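Some notes on the structure that comes next.
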Amino acid sequence: MTNSQIYDLNQHLTYRIARLQAKLSAQASELLKDHLSLSLSEWRALAVLYNPEVETQKDVLLAMGLDKGQISRTIKRLEEKGLIQTDKSTADNRLRKISLTPSGVDTVDKMFPIMMQRQAHLQNGFTSEELKQLFNFLNRLEEKSGHLNF
């Protein structure tokens, strides 16, 4: 490789997205630390569980895109903190139904406006058309990330 062929990581999507993800995670973690004693994965699980259609650990797993071990540890910590409750499903003993406790609902209600302010800050300066296009690009990249044949 010659100097004119230097591998410029800043020109690679995966590098830039990973760097952006690290910065956004650090920002969110700092906000959560300032307002609640929750990790980012705990907050995301609570936010996912706020949706009444999310009822099981498998639902949380699919919504968050983490591995089973990470989800299990997150669920366990949230249960220990009294923010969620789990029960075996009456329809299928292999499934654990998960729901927010009143304290969990209060936690989401408290943090949600702060996270929405953050969202507004991040979106400031983009037109609605640019945001629509950005989400379209992200959807396409996410779909492509599931394929190994290229």
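Test of understanding: among L141, L131, which residue is within 18 Å of the chain's Cα centre (by Cα), closer than 28 Å to S29 by Cβ and part of a helix (DSSP H, G or I)?
After ruling out the rest, the residue left standing is L141.
Test E53 against the stated conditions and say whether it is more than 15 Å from the chain's Cα centre (by Cα), without any contact (Cβ under 8 Å) to a residue 12 or more places away in the chain and closer than 29 Å to R16 by Cα.
no
Taking the stretch 81-105, which residues are assigned to a helix (DSSP H, G or I) and within 19 Å of the chain's Cα centre (by Cα)?
Within the stretch 81-105, G104, V105 qualify.
Quick check: is even one residue across the stretch 72-86 of a type in the set (A, V, I, L, M) and more than 21 Å from M115 (Cβ to Cβ)?
No.
Whether any residue in the stretch 84-107 is modelled with pLDDT of 95 or more, surrounded by 15 or more Cβ atoms within 10 Å (Cβ to Cβ) and of a type in the set (K, R) is what I want to check.
Checking the stretch 84-107: not a single residue is modelled with pLDDT of 95 or more, surrounded by 15 or more Cβ atoms within 10 Å (Cβ to Cβ) and of a type in the set (K, R).
The values are calculated or read from the model by the stated rules, or taken from the named source; none is laboratory data. Quick caveat: nothing in here was measured; it's all calculated off a predicted structure. FYI the Cβ positions are ideal-geometry reconstructions off the backbone, even for glycines, and counts take in every protein chain you see.
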